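The values are calculated or read from the model by the stated rules, or taken from the named source; none is laboratory data. What you see is a predicted model, and the numbers here were worked out from it, not measured in a lab. For neighbour counting, all protein chains shown are included, and Cβ atoms are generated from backbone atoms with ideal geometry for every residue, glycine included.
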Amino acid sequence: MKKIIFFIFFINIINSQNFTELTEQNLFRGGNVFLIDKMNSYDLDIDGTPYLNPDFDKGQIKFENGNTYSGEIRIDLVAQNFQIKGKNGKITPIEVNDKVKIEINGNQYKLHAINSTEYGEIGILRECIELENISLHYFPRKKLQKPIEAGISAPTSGYGKTDNPEWKDDGFYFFQINGKYLRVPTKYKKLLELNIFDEEKLKTFRKKNKLDLKKEDKLIELVKYFNDN
């Protein structure tokens, strides 16, 4: 009996060690992480970056069963997927399902089924606070901003020359209530129009806490308050 227990313990140690290696066999075998055959390529003449951070950061892929994979990770905000970089420098684009969390620089990211005609079917959201009745998430996005054409053009002199297009931050916050994702407005009047909070309680909270809908810490306070009230 002792030999059987020792053998099972030994096998578990081997599996745990193998899982931390950067191999497709180990990382993708659970069915929660999916290899993308081709990595997106972006025009080098576009200023800015389509990534949350152009550099790779140390991070972890966390699975429901408690297993984790540590490595260098970055987020492609345009393609809405992740990329991992192996020790040999090879970059591998991956997709994850909603059973997996990605931790980068202490922040938790997860794929959510937004199911919105305006914002897309799915999106990678950063967890701000997750509570029983209401949660707050940040949706980091990038949009391509084209340069404004000059009114007068004179190619020979260079007058009227336009700048390059640029990847610009276009992120915002979501309230998650009863499985629905509602974009957090930046104006108090628009928040009232959502009709998701009791107006009198909201007014009281606003007076006591100096509500600023553009500040994450204030939004977290708001979510905590209405989760409990």
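Data overview
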{"read-out": "Which listed residue, of ILE75, ILE104, is within 30 Å of PHE226 (Cβ to Cβ), among the aliphatic types (A, V, I, L, M) and out of contact with any Asp or Glu (no Cβ under 7 Å at 6 or more places or on another chain)", "value": "ILE75"}
{"read-out": "From the options LEU213, LEU194, residue that is in contact with a Ser or Thr (Cβ under 7 Å, 6 or more places away or on another chain) and without any contact (Cβ under 8 Å) to a residue 40 or more places away in the chain", "value": "LEU213"}
{"read-out": "Any chance ASN53 is surrounded by fewer than 16 Cβ atoms within 10 Å (Cβ to Cβ) and closer than 13 Å to ILE104 by Cβ", "value": "yes"}
{"read-out": "Of all residues in the range 45-57 being assigned to a loop (DSSP other than H, G, I, E, B) and over 12 Å from the mean Cα position of the chain (by Cα), the one that is farthest from ILE122 (Cα to Cα)", "value": "ASP45"}
{"read-out": "Unmet requirement for ASN81, which otherwise passes all of (1) over 21 Å from GLY123 (Cα atoms); (2) touching an Asp or Glu at 6+ places or on another chain (Cβ under 7 Å)", "value": "(1)"}
{"read-out": "Filter result for GLY89 (over 18 Å from the mean Cα position of the chain (by Cα), among the small types (Gly, Ala, Ser) and either at pLDDT below 90 or under 22 Å from GLY171 (Cα atoms) (or both))", "value": "no"}
{"read-out": "Odd one out for GLY30 among (1) surrounded by 14 or more Cβ atoms within 10 Å (Cβ to Cβ); (2) modelled with pLDDT of 85 or more; (3) not in a strand (DSSP E or B)", "value": "(2)"}
{"read-out": "The range 132-145: number of residues that are touching a Pro at 6+ places or on another chain (Cβ under 8 Å) and either of a type outside the set (Lys, Arg) or surrounded by fewer than 12 Cβ atoms within 10 Å (Cβ to Cβ) (or both)", "value": "2"}
{"read-out": "Number of the condition not met by TYR42 [criteria: (1) in contact (Cβ under 8 Å) with a residue 24 or more places away in the chain; (2) over 17 Å from LYS143 (Cβ atoms); (3) surrounded by 12 or more Cβ atoms within 10 Å (Cβ to Cβ)]", "value": "(2)"}
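Listed here are the residues, each with its yes/no results for (1) among the hydrophobic types (A, V, I, L, M, F, W, C); (2) within 19 Å of ILE122 (Cβ to Cβ); (3) part of a strand (DSSP E or B); (4) at pLDDT below 85.
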site: ILE13; (1), (2), (3), (4): yes, no, no, yes
site: ASN26; (1), (2), (3), (4): no, no, no, yes
site: ASN40; (1), (2), (3), (4): no, yes, no, no
site: GLY59; (1), (2), (3), (4): no, no, yes, no
site: TYR69; (1), (2), (3), (4): no, no, yes, no
